[in-house]
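Notes follow the structure.
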Amino acid sequence: MSKPQTLNMQIKSVLDVLRKELRPMTPEEIEKILGTDIVNNQELRKNVESSTKFLRERDGRWRWKSQYYIRNKDELLVFLRKRHDGVPRAALDDCYKGVTDDMKVGVQGCSGLLGDHGLLTVLPYTIFFLPGYHKQ
């Protein structure tokens, strides 16, 4: 018989699922993954919802709250075009599932993500967008 998790461990488990999935989820979906009653556990729900890493979507689903509200590669490109000073890679890693792959596409000859709009330079820790850069 397994030992019941403390409230803090349950909160961490819920946030870990949201961080891993990087998509909006219902409490019922998280409950199925964890086997923990989230729907009826008001104390757990209240604590998760008060976390700085929690975000409630307009439709009521829960998601991981990344530093920047970027949910797809189009939004990533718009964001990077506005950031002339670059942005730390780690700040983007948890925006959405696949963001790392989208950043890699930018490195491989500007294809896919950027087209002829400019060059996405991904250094070990920082990402820069150079507008107006065209491949020769």
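Figures for the structure shown
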{"quantity": "Unit Cα scatterers, Debye sum, the range 7-64: log10 I(q)/I(0) for q = 0.16, 0.28 Å⁻¹", "calculated": "-0.38, -1.36"}
{"quantity": "Accessible area of the range 7-64 divided out per residue, in Å², using a probe of 1.4 angstrom", "calculated": "60 Å²"}
{"quantity": "Count, lysine Cα pairs under 15 Å in the range 26-109, 8 or more residues apart or across chains", "calculated": "5"}
{"quantity": "Cα lying deepest toward the dipole's positive end in the range 7-64, options 7, 55, 27, charges on Cβ", "calculated": "55"}
{"quantity": "Unit charges on C-beta of K, R, D, E only; dipole of the range 11-68, Debye", "calculated": "300 debye"}
{"quantity": "Whole-number percent relative contact order across the range 7-64, with pairs defined as alpha carbons under 8 Å at least 6 apart", "calculated": "42 percent"}
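The values are calculated or read from the model by the stated rules, or taken from the named source; none is laboratory data. A quick note: this is a predicted structure, and the numbers were derived from the prediction, not measured. Glycine also receives a Cβ, built like all others from the backbone with ideal geometry; neighbour counts cover every protein chain displayed. Just the protein is used for accessible areas: all its heavy atoms, side chains included, with ligands, DNA and RNA removed. Shrake-Rupley method; radii C 1.70, N 1.55, O 1.52, S 1.80 Å.
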